[in-house]
Each structure stands twice: as structure tokens, then as C-alpha cells.
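Below is one structure, written out as C-alpha cells; comments come after it.
Nothing in this text is a laboratory measurement; each read-out follows from the coordinates by a stated rule. Keep in mind the model is a prediction, meaning the values are calculated, not measured.
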Amino acid sequence: MNIKSIKAIAFDAVGTLIYPTPAVTESYYLFGKKHGSLLGRNEVKRRFKEANIIQKRIDVENEFLTSEKREMERWRGIVTHVFDDVENFEECFNELHEYFSVPESWPMYSGAKELLEYLNEEGIRMIVASNFDYRLENIVKKTDIGKMCETILVSSKLGYRKPNSEFFISICNELEMSKENILYVGDDLENDYQGARAIGMPAVLLDKNNDGENVFESLEALSEEIKTAYN
């Protein structure tokens, strides 16, 4: 990958620039407990993982087509699968949904602000493009990410979830730029890295547990690689 040929970078959001606090399954456990659930942390984790596998199967069957309605169905399906013993399911669901709607629940990763500032100074265009629903726009716009990135593309509005190729083609269309000049940065091998590469878009994977070509353990490590190329 020739970094100097890159004129724009599209970032995944969750797991790349921002992360949930506490962890998603911990939040589920705490809200479930508040609403009378007797499930332990490990059982919540097990059910949450199982629920996501079910939702992924639905996505595959639908060729990763999505919408705001589908994303709400996803959330409801996951929460329903995890909790079958809360006293008031609707209250529990709504509180969880609202909790993950605010910027305070999604701090930025270490190195994110510094990397974005450097890219901004170098004149590299930046956008956020992620699998999520309408809430992501509000979350990102109220952070430093929103101040430096041109726009926020969310799957629910595009109509496609990663790794559908149309998602990545939408990035090219938004930037009015050739795919070869756009770098996609994400933390999911299938959705982010392989999805982008499938249409010929350069990509890097953030993964602290693995190494290899185009794999970086952190945003700081990626930042060093980019700075080395430009200096």
C-alpha cells in the first residue's frame, strides 16, 4: 500500500475511533439487573454473542441490505434474546437504546484525536463510514471527530451494511474520488478490511492481537506509519 497515494481516509466508528463504556455486555448486565433480571455477567455475554450470530445470519440472508427499521429490529432482537426475565421489557429496551445514543457513552480511543489532527493538517480528507443507525450522527458530531471529518455515513441511511460492496462504493461517491485514493480503517476483518479490499479500496486493520501486512495494533501505530510516509 502506497500511503502517499491516499487522498482521503474513511474511518469505521465503533471499535476504531470510539468504544462503549462500560463494555456493551456490562451495560446490558447493569440495565438488566436494574429491571429485575437475575442473569449473571457470563450468561449475558453468552446470550449477547448468540444473539449477534442470529442477527448476522439474517443479514447474510438479506444480502446485508438494511434501513432504520431493520436496525431497530436488530437492536430489539438482540435485547429480546438476552433478556427473558426483566420486569418491564420495554422500559429496559428503551433505556439501553437511549444510553447508547449519547456521546458520553462513547469515548474516543487513545490517539484518535491526534491522528485526525495530523491528517487534517496534511490536507487529507476524512469521513466516518460505519454500520450503525441514526444515533451515530449525533454521537460523532458532538466530538472532536465530527469537527474534523467532513461527513458521517451510516449503513441505516445508505441502505447497505458492511461488507456489502455498495457500502464502500457509497464512500467513493460521497468523496467523488477513485477507490484507489481512499483508505478504509476499521477493526473488523470481514466487514472492514475484506469488505473494502473486495472492491479494490486500500484498507488497514486495527487488531492488537494479531500482526501482519496492513495490520496495526493501535491508532498510534497507524499514525506513526502515516507520519513516516509523509515526512
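A few comments on the model shown:
- A straight line joining the Cα centroids of segment 143-214 and segment 61-112 runs 22 Å.
- Pair-distance distribution P(r) for segment 112-231, from all Cα-Cα distances in 5 Å bins starting at 0: 2, 11, 20, 24, 24, 15, 4, 0 percent.
- Which listed pairs, of 113/147; 49/157; 162/208; 56/142; 7/162; 7/179, have C-alpha distances above 19 Å, in listed order: 49/157; 162/208; 56/142; 7/162
- Under 5 Å between amide hydrogens, built in the peptide plane, is the criterion, and for residue 9 it picks out 125, 126, 127, 183 among residues at least 5 positions away or on other chains.
- Segment 103-113 - phi-based ³J(HN,Hα) in whole Hz, Karplus 6.51/-1.76/1.60, Gly and Pro as x: x, 4, 7, 10, x, 7, 5, 4, x, 5, 4
- Over the chain: helical MRE at 222 nm, DSSP H runs n ≥ 4 each giving -39500 (n - 2.57), nearest 500: -14000 deg cm²/dmol
- Radius of gyration (Cα atoms) of the chain, expressed as a multiple of 2.2 N^0.38 Å: 1.04.
- Per-residue ³J(HN,Hα) for segment 49-59, Karplus 6.51 cos²θ - 1.76 cosθ + 1.60, θ = phi - 60°, Hz, x for Gly and Pro: 4, 4, 5, 5, 5, 4, 5, 5, 4, 5, 4
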